[in-house]
Amino acid sequence: MTDQKPQTIKASDLFVKALEAEGVEQIFAVPGEENLDLVESLRTSSIDLILTRHEQGAGFMAATYGRLTGKPGVCMATLGPGATNLATPAAYAHLGGFPLIMITGQKPIKTSKQGQFQIIDIVSLFEPICKMSKQIVHGNAIPALVREAFRLAGEERPGAVLLELPEDIAEECCDVPVIAPHTRYYAEAGDAVIADAVDLIKKAKMPLVLLGAGANRKDARSAISDFIDTTGIPFFVTQMGKGVVDERSELFLGTAALSDNDYLHCAIDRSDLIINFGHDVVEKPPFFMEAGGKKVIHVNYKSAQVDQVYFPQVEVVGDLASSVKKLRDTLDDTLDFDISYFKIIKAEVEKHLAEGVDDSRFPVTPQRFVADTRKAMGDGDIIALDNGIYKLWYARNYKAYEPNTVLLDNALATMGAGLPSAMAAAFLYSERRVMAICGDGGFMMNSQELETAIRLKLNLVVTVLNDSSYGMIRWKQTASGFEDWGLEFGNPDFVKYAESYGATGHRIEAADDLIPTFEAAFKAGGVHVIDLPVDYSENQKVLIDELAAKACLL
């Protein structure tokens, strides 16, 4: 019997085979010359290379792919400036809990012919905003590093991972096989802690359930809905927890879009127990805890990160759906809650949110454009929000009916992500209506991705809320007592701008035009940009003056 030499394979080919083994179907990318070996390996692979017009577009699309599928999305960029342009998407995924793999190139590391041209320490730069940031220094290390990258990116709490593949490593010969992924299961919470949590629930008189972003990441809807329906405990949500349970429910109290002093907080303040499914402190606090105040049960995949506003008394750590089911199964029929006050607050919230939904003023008010958006979108249709003051209006006023149908970022809260995020949703779900909702400032940060959307033949409506300023900061500027100064800008003609890319442009000229324009755009298909002039004068009246004057009913 003769010894056989291990079969050799080019490192870039091995990298692509490792990606294929992980089930990768697309890579969103702006490649550079340092990625060319990998690009050539992708050419003959089963993976589609989807070019974007900026690395941010690639990163946001990949992160949203991960957010919606639960599988890490993959993006690629070159060294230096290409890699640094992925820093914001990396932070977006890191804080938001979205599984993301970033592949960056690098000059040869064994020999140098260009000195330090374009070379910065990308690996160290990304370490604070990634779960792992590694340079690949030998081709034979590729299978293990790729497998570990995908494990870390997808494992709770999900996030970003960076792998740097230098040119000379990409062209090496390797003699190792890929490492196939395997199914992993999250541990279940122990009976003792379930008993502790059940004891707190039984002792409570006015409990509430809080749903956070973690409840949107995995399929926990059925278990949570069953828990709420069985116990009769009212629930509220964080911005990133919208849609986990159908918000048309009689037990839904509202969204904690503000940290304090909203109508919803009257109910939260009166509650003696918060049962917290899937929230962590990365998202803006939905309520402030006080020592000796209400009790909190933390139910999540990981233990609580304790800080000054969050220090739960009981932590149920393990698979979320399993934990919720065990809590429900352990509770008996002797529950005795008083939710009469919560019903009063719900009625007050509904009355407050109904104000202005038929307002005919032009430019259009937030209450009207949010209400008309909801009328145009079906149960499973998706809105993707950029960042601005309108995000608060949508979080408070727009009811979500299904998980992950309101895509917003209340973690990094970056501008520029709305359009690429909507593009990823439209790419994944061609049968659904998808709408990007962007302020004029955030839209222009990545508006070049309209070309990508058209090239991909996406069906997408982009609504640009036009007030010719950085409206959120301008509002806070005047609300803080400063002069209204320095935050206005000019805009292009958005209709002509859309048409220059090959999209269809629409300009809203009356409030009653909005729904017919939405319907016409969705019916026509393709990419549509709607220029919607908005009037934010309601911000002060509704979000400041009215809330300051409210009284929590006895």
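Bear in mind that the values in this text are calculations on the coordinates, not laboratory data. Note that the structure is predicted; figures quoted are calculated from it, not measured. Note that we place each Cβ from the backbone using ideal geometry, even for glycine, and neighbour counts take in every protein chain shown.
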Length-normalised contact order of segment 9-174, Cα under 8 Å, at least 6 apart, in percent, tallies to 28
Column: log10 I(q)/I(0), Debye, Cα scatterers of segment 191-347, q = 0.12, 0.14, 0.18 Å⁻¹: -0.43, -0.60, -1.08
One finds, for residue 43 and residue 117 with R0 = 35 angstrom and r their Cβ-Cβ distance, a FRET efficiency to the nearest 0.05 of 0.80
Based solely on C-alpha atoms, express the radius of gyration and the Dmax of segment 9-174 in angstrom. 14.1, 43
Tail fraction, Cα-Cα pairs, segment 460-554, threshold 19 Å, whole percent: 55
Report, in debye and to the nearest 20, how large the dipole of segment 355-545 comes out about its Cα centre when Lys and Arg carry +1 and Asp and Glu carry -1 on their Cβ. 480
Exposure-ranked with fewest Cβ neighbours within 10 Å first, 237, 74 stand as 74, 237
Compute the projected area of the convex hull of the Cα atoms of segment 429-490, averaged over all viewing directions, and report it in nm² to one decimal place. 5.2
Helix by helix through the chain, keep the DSSP H runs that span 20 Å or more along the axis on Cα and average at least 1.6 on Kyte-Doolittle, and give those back in order. none
Would you compute, from DSSP H runs of 4+ residues alone, the mean residue ellipticity of the chain at 222 nm, taking -39500 (n - 2.57) per run and dividing by the full residue count, rounded to the nearest 500? -10500 deg cm²/dmol
In what sequence, highest mean first, do 381-392, 315-326, 279-290 appear when ranked by Cβ atoms within 10 angstrom? 381-392, 315-326, 279-290
Under the definition of Cα pairs under 8 Å and six or more residues apart, what whole-number percent is the relative contact order of segment 1-72? 30
³J(HN,Hα) computed for each position of segment 280-294 - Karplus, 6.51 cos²θ - 1.76 cosθ + 1.60, integer Hz, glycine/proline x: 9, 7, 5, 6, 3, x, x, 7, 9, 7, 10, 4, x, x, 5
What ranking do 270, 147 get, fewest neighbouring Cβ atoms within 10 angstrom at the top? 270, 147
Neighbour-count order for 169, 50, fewest beta carbons within 10 angstrom listed first: 50, 169
In the chain, what cysteines have no partner Cβ closer than 4.7 Å? 75, 130, 173, 174, 438
Tell me the net charge near residue 25. Cut-off is 13 Å between Cβ atoms, residue 25 excluded, with +1 for each Lys or Arg and -1 for each Asp or Glu. -2
List the residues, sorted by chain then number, that are 5 or more residues from residue 529 or on another chain and whose placed amide H is less than 5 Å from its amide H. 462, 504, 505, 506
Matching label, Cα extents along the principal axes in Å computed from the structure shown, candidates (i) 69, 66, 51; (ii) 85, 63, 44; (iii) 88, 59, 40: (ii)
Cut-off under 5 Å, modelled amide H: who pairs with residue 487 long-range: none
